[in-house]
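Below is one structure, written out as structure tokens, with a few remarks after it.
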Amino acid sequence: EGFPTGHSNLCQFSPDGSLLAKTCAQGVEIVGTDGGVGSLTITDLLPGRVQKLAFSPKSTFLVTWHKLEAAQDPSEAADRDGNLRVFETATGKRLAAFPLKKMTTMAWPALQWTSDESYVLHMMSNEIRVFESLENGFIGKISTPGLASMSVSPSASLPVKVSVFVPESKGKPAGVKIHQFPQLATGAIASKTFYQAQEISMDWSPNGAAVLVKTHTDVDASGSSYYGSTGLYLLAADGSYEAAVPTAKEGPISDAKWSPTSRGFVVLAGTMPAAATLYDLKAKPVFSFGAAHRSVISFSPHGRFLCLAGFGNLAGDMDFWDVNKQKKMGSNNAHCAVNFGWSPDSRFFMTATCAPRMNVDNGVKLFRYNGVGPILSMDQEQLFECAWCPSKPGHFPDRPQSPERPPPQPKAGAGGGAAKAGAYRPPGARAGGGSGRSLAELAGDSAGAPQAGKVKAGAAARGASHPLGMAPPPKETSSSAKNKAKKEKKKKAAEAAAAAQAEMEKLKVDSGSAGAPVAAAEAPAAPVDKEKRLRKLRKSLKAIDDLKAKIAEDAKYEMNSDQKAKLKTEAAVRAEIAELEAQE
């Protein structure tokens, strides 16, 4: 509301949300979003040619790029200065221009600033040039033959660190290196080489401590995937650690994102249903979100909440998690979503169906942080883009989940009785719940798939699948199995010895020493509990009667030595019982 209207095919918010840059008929228009900054139009651009826009970290500069075209008019001679241009957002003044014939997703933006904007790095064909001011000459360079992509660390502390990527060439593996400035003489402080890497994305942790490297190639050499192969690697900024990230399930890596807190990252990997796993800074799995048909990871700005969604060619199911509590809050569905994102205060999640990918059912839906909704739904005849306006860090507090409201109590009926319960509906048929999939489909998906919960220390990141409901087989070495068998054998022997000793003690009590009858009255002993003694004697007498009944039923029954000794004590037991009963 209040923004200038008109035709535009590209727009971009500044990182702090204070400015919006959009293409217009005159060139590029910069609009203030807080009401305190007016509109500024940059006319030092040919109308309708701009294809890329990017702001510097503090919104001081704007970078534009457009295709180079053959000059057909003398007025277009200015294009010879360069099609990669830098402007000052406060005045619209052009500060620099560089030629850049070809632009790829990996190479954008070709100009990147440090977080405090004290240095700017310009990526060229085989080197990176470092400037303090674009109006002056460069003060240093990083030579990297075959350079295809770079990414500057968000850390504001010196030295400045930048990761670079060189693709495969003439049988040599692709590689990622981390350089630092101004100590260029030391060379790369970290590096990792790998094959099957035609394209790459390098994602720094918010604090600049490590970088995640996701690789992709169009052809899978193993032939297991039509869409090519992927890989994921982690490099520490100081070179102390580098490794391939182990995945919980074999298959392509759908997405990988750092937590805004920089305490870990989440990976979606494997064939559908993909497994979602939380890793620490050493690439060790610490929590599993389970397996589901999901392809997108989206953290809230504060890092407390997480949305795992199945957008693109999937059904649009969404799961909302509280990462701090490692607990699932709710689920929902946003079919045919193209754009999505969290509000700056982390309380709402937006999905949008946009053209030209989807030319029907365009519109915007708004959900709460726990998946409740949609609380807002706006249909548009044609929608091309939808995005939240960012805010400055720390503007909104990090709020936990709101307390749940108690469920409403059932109202009494007209006759004063309780309201009649409605007909039972399965979860899949209830409003806003269920995925509409059969139990057989769900069981098939979950067979061998990781379940939600903490990952046990020492557990293998990727293991063989097991039938549904069956525990995985124990993994023991031959020596540990032998030791375990010895312990079990000793334990059984000790139990048998204890049982034999208890039986002998019982026989001694019942029969006396040397099998002779012993009268309780003759033995000078401490006073005994008569009731307790009677119960014990009657129990022994019942055992003797049962044994005599068994002998009577089976004439061929053979007694062992213990049973024979027990029968000999019958008279003594009866006499003692009679004596104790007489004392009562």
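Read through the list (1) in contact with a strand residue (DSSP E or B) (Cβ under 7 Å, 6 or more places away or on another chain); (2) open to solvent by 70 Å² or more (accessible area, probe 1.4 Å), then give the number of the only condition that GLU132 fails.
(1)
Only one of ASP529, ASP554, ASP510 is open to solvent by less than 90 Å² (accessible area, probe 1.4 Å), modelled with pLDDT of 75 or more and among the acidic types (Asp, Glu). Can you tell me which?
Unique residue meeting the criteria: ASP554.
Restricting the range 31-75 to residues that are among the hydroxyl-bearing types (Ser, Thr, Tyr) and modelled with pLDDT under 80, which is surrounded by the most Cβ atoms within 10 Å (Cβ to Cβ)?
Here is the first cut: in the range 31-75, the ones among the hydroxyl-bearing types (Ser, Thr, Tyr) are 33, 39, 41, 43, 56, 59-60, 64, 75.
Next cut, modelled with pLDDT under 80 only: 39, 41, 43, 75.
Values: SER39: 12, THR41: 15, THR43: 12, SER75: 9.
Here the answer is THR41.
Given (1) charged (D, E, K, R); (2) over 22 Å from SER155 (Cβ atoms); (3) surrounded by 18 or more Cβ atoms within 10 Å (Cβ to Cβ), where does GLU250 come up short, assuming only one miss?
Tallying (1) charged (D, E, K, R); (2) over 22 Å from SER155 (Cβ atoms); (3) surrounded by 18 or more Cβ atoms within 10 Å (Cβ to Cβ), GLU250 fails exactly one: (3).
Just checking, how many residues over the range 141-156 are free of Cβ contacts under 8 Å to residues at least 24 places away in the same chain and outside any strand (DSSP E or B)?
2
Checking LEU281 against (1) closer than 28 Å to PHE349 by Cα; (2) open to solvent by 20 Å² or more (accessible area, probe 1.4 Å); (3) touching a Lys or Arg at 6+ places or on another chain (Cβ under 6 Å): exactly one of these is not met. Which one?
Of the numbered conditions (1) closer than 28 Å to PHE349 by Cα; (2) open to solvent by 20 Å² or more (accessible area, probe 1.4 Å); (3) touching a Lys or Arg at 6+ places or on another chain (Cβ under 6 Å), the odd one out for LEU281 is (3).
Of these, THR230, THR271, which one is open to solvent by 30 Å² or more (accessible area, probe 1.4 Å), modelled with pLDDT under 90 and in a strand (DSSP E or B)?
Working: THR271 fails: in a strand (DSSP E or B).
Just a single option satisfies the conditions, and that option is THR230.
Consider only pairs whose beta carbons are under 8 Å apart and that are at least six residues apart or on different chains; among these, list those whose first residue lies in the range 248-269 and is polar (S, T, N, Q) and whose second residue is open to solvent by less than 10 Å² (accessible area, probe 1.4 Å).
Once the first residue is polar (S, T, N, Q) and sits in the range 248-269, its partners that are open to solvent by less than 10 Å² (accessible area, probe 1.4 Å) give SER254/LEU268; SER254/ALA269; SER254/ALA274; SER259/PHE265; SER259/VAL266; SER259/GLY303; THR261/GLY303; SER262/SER205.
Taking the criterion of being within 12 Å of the chain's Cα centre (by Cα) and either modelled with pLDDT of 90 or more or assigned to a loop (DSSP other than H, G, I, E, B) (or both), would at least one residue in the range 243-253 satisfy it? Outline the logic, then answer.
Let us first name the residues in the range 243-253 that are within 12 Å of the chain's Cα centre (by Cα), namely 247-248.
Cutting the leftovers down to either modelled with pLDDT of 90 or more or assigned to a loop (DSSP other than H, G, I, E, B) (or both) gives us 247-248.
Yes: the range 243-253 contains one or more residues that are within 12 Å of the chain's Cα centre (by Cα) and either modelled with pLDDT of 90 or more or assigned to a loop (DSSP other than H, G, I, E, B) (or both).
Pairs under 7 Å by beta carbon, first residue touching a residue at least 60 places away in the same chain (Cβ under 8 Å) and in a helix (DSSP H, G or I) in the range 543-555, partner open to solvent by 60 Å² or more (accessible area, probe 1.4 Å) and not aliphatic (A, V, I, L, M), six or more apart or different chains?
No pair meets every condition.
If you go through the range 301-325, how many residues are touching an Asp or Glu at 6+ places or on another chain (Cβ under 9 Å) and either of a type in the set (S, T, N, Q) or within 17 Å of LYS365 (Cα to Cα) (or both)?
4
SER155 - would you say it is in contact with a Ser or Thr (Cβ under 9 Å, 6 or more places away or on another chain), modelled with pLDDT of 90 or more and polar (S, T, N, Q)?
In short, no.
Is the range 401-413 home to any residue that is under 30 Å from LEU314 (Cβ atoms) and at pLDDT 85 or above? Outline the logic, then answer.
Within the range 401-413, the first condition is being under 30 Å from LEU314 (Cβ atoms), and the residues that meet it are 401-402, 404.
Narrowing further to those that are at pLDDT 85 or above: 401-402.
Among the residues of the range 401-413, at least one is under 30 Å from LEU314 (Cβ atoms) and at pLDDT 85 or above, which makes the answer yes.
Just checking, which of ARG399, ARG357 is within 26 Å of LYS325 (Cα to Cα) and either in a strand (DSSP E or B) or among the charged types (D, E, K, R) (or both)? Outline the logic, then answer.
On the way: ARG357 fails: within 26 Å of LYS325 (Cα to Cα).
Just one listed residue meets the conditions, ARG399.
With within 26 Å of GLN196 (Cβ to Cβ) and not acidic (Asp, Glu) as the only criterion, which of ALA110, ALA90, ALA96 stands out?
Sole residue among the options that is within 26 Å of GLN196 (Cβ to Cβ) and not acidic (Asp, Glu): ALA110.
Rundown of residues vs (1) among the small types (Gly, Ala, Ser); (2) crowded, with 19+ Cβ neighbours inside 10 Å; (3) over 27 Å from GLY251 (Cβ atoms), yes/no style:
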residue: ALA292; (1), (2), (3): yes, yes, no
residue: ILE297; (1), (2), (3): no, yes, no
residue: PHE320; (1), (2), (3): no, yes, no
residue: CYS336; (1), (2), (3): no, no, no
residue: PHE340; (1), (2), (3): no, yes, no
residue: PHE349; (1), (2), (3): no, yes, no
residue: ASN362; (1), (2), (3): no, yes, yes
residue: LYS365; (1), (2), (3): no, yes, yes
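Picking from PHE138, PHE165, which residue would you name as being aromatic (Phe, Trp, Tyr) and either assigned to a loop (DSSP other than H, G, I, E, B) or open to solvent by 50 Å² or more (accessible area, probe 1.4 Å) (or both)?
After applying the criteria, what remains is PHE138.
With farther than 26 Å from SER163 by Cα, at pLDDT below 80, hydrophobic (A, V, I, L, M, F, W, C) and in a loop (DSSP other than H, G, I, E, B) as the only criterion, which of ALA25, ALA78 stands out?
That would be ALA25, the only listed residue that is farther than 26 Å from SER163 by Cα, at pLDDT below 80, hydrophobic (A, V, I, L, M, F, W, C) and in a loop (DSSP other than H, G, I, E, B).
Tally up the residues in the range 49-66 that are in a strand (DSSP E or B) and under 18 Å from ASN83 (Cβ atoms), please.
So the answer is 11.
The values are calculated or read from the model by the stated rules, or taken from the named source; none is laboratory data. This one's a predicted model, so the numbers in the text were calculated from it and none came from an experiment. So basically every Cβ, Gly included, is an ideal-geometry build from the backbone, and we count neighbours across all protein chains shown. Areas reflect the complete protein model, heavy atoms only, side chains present, ligands, DNA and RNA absent. Shrake-Rupley method; radii C 1.70, N 1.55, O 1.52, S 1.80 Å.
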